[in-house]
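Working notes, structure below.
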Amino acid sequence: MVSLLVVRRRGLPFALARKDITLRGRQVARILRLGSPVALQSGLVSVSFLVVMSIINSLGLVYSAGMGVAEKLCGFIMLVPSAFSQSVTTFVAQNVGAGRLDRARRGLWQGILASLCFGVVIGYLAFFHGDVLARLFNRDPEIVAAASDYLKAYAIDTLLTSFLFPFTGYFSGMGKTGFVMLQGLAGAFGIRIPLSFCMSKLSPVSLFRVGLATPCSTLVQIILCAGYFFRLRAKDKQAQSRLSPLAGEDET
């Protein structure tokens with residue numbers, strides 16, 4: 001509502017009439033083709049975390065409550081890496097449209113660096129002072145200890161997502177949303193769920209070990225993203241090398 005009020009007061013830098021606000025089949029189809037894989041990936045990854053939560057719930061009330069507290073904190077922690085991912089997506093898409101792939105790649109590295117600066121600080125707090133963070137939501141010593149144990153594993157993931165989220169944002173901006181979906185599903189259902197289940201069967205039970213499934217899946221996803229990134233870059237270089245002789249002939 002605030003945005004509409006501001007637009008009405010200041011106006012727009014282009015003409016806009018009611019007839020312009022309509023569905024156009026070609027554009028809708030393209031949006032669905034790009035957005036559906038990301039939407040499916042986000043939904044299924046959320047399902048995978050529900051499965052992990054059900055695994056931890058089976059361990060007992062204290063572990064279940066500890067993860068509940070930790071997940072509240074993780075929701076806040078992941079807001080910043082998610083914001084960097086969306087920012088990189090927008091920046092990359094604009095530069096791809098302008099034909100500046102070099103600047104898009106620089107935006108990826110700058111996004112990773114900025115996200116990593118945040119990740120180091122939050123990772124330190126979660127790993128070494130997770131109990132202090134957990135007490136913001138619960139004062140029970142056993143629950144605080146369980147939440148702190150889980151946050152130590154999540155602290156590692158905070159560092160790794162500083163690389164993964166900008167990567168996924170980069171590929172989304174490039175229009176490679178199919179790959180974004182595949183790597184997300186591979187990490188969630190190929191690593192996170194099976195490893196969480198296996199760790200939950202080890203004695204003594206430790207939320208740190210169960211939580212390690214998340215950074216392990218993130219690490220695998222980073223490897224997939226890095227491999228795909230360099231593959232795309234190699235293709236770009238090959239395309240440029242083929243075009244270079246042709247460009248020289250045209251100039252002649």
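Here, each number is a calculation from the coordinates, and none is a lab measurement. As the structure is a computational prediction, the values presented were derived from the model and not from experiment. Every residue, glycine as well, gets a Cβ built from its backbone with ideal geometry; the counts of neighbours run over all protein chains shown.
Of note:
- When the convex hull of its Cα atoms is projected in every direction, mean area for region 106-173 (nm²): 4.8
- With a simple spin-label model that places each label point 7 Å from the Cα along the Cα-to-Cβ direction, the separation between R135 and S58 comes to 3.5 nm.
- Over region 159-221, the fraction of Cα-Cα pairs per 10 Å bin, rounded to whole percents and listed from the shortest bin up, is 23, 43, 24, 9, 1.
- Net charge of the neighbourhood of A98, taken over other residues with C-beta under 15 Å away and scored Lys/Arg +1, Asp/Glu -1, is +3.
- Total lysine pairs under 26 Å (Cα atoms) in region 39-235, excluding pairs fewer than 8 apart on one chain: 4
- Zone residues, region 71-90, relative to Q110, backbone N less than 20 Å from point 7 Å out along Cα-to-Cβ: 80-90
- Computed E for L79/C117 - FRET, C-beta separation, R0 22 angstrom, nearest 0.05: 0.90
- Of G25, G190, G68, the one that fluctuates the most in a GNM where the chain has Cα springs shorter than 10 Å: G25
- Descending principal axes extents, region 1-123, alpha-carbon based, whole Å: 61, 34, 33
- Of (i) 13.3; (ii) 14.3; (iii) 18.9, the label for mean projected area of the Cα convex hull in nm² derived from the coordinates: (iii)
- Between Q94 and L202, the simple label model (points 7 Å from Cα in the Cβ direction) yields a spacing of 4.5 nm.
- The packing ranking, built from the mean of other Cβ atoms within 10 Å per residue, places the peptides 10-19, 160-169, 198-207 in the order 160-169, 198-207, 10-19, highest first.
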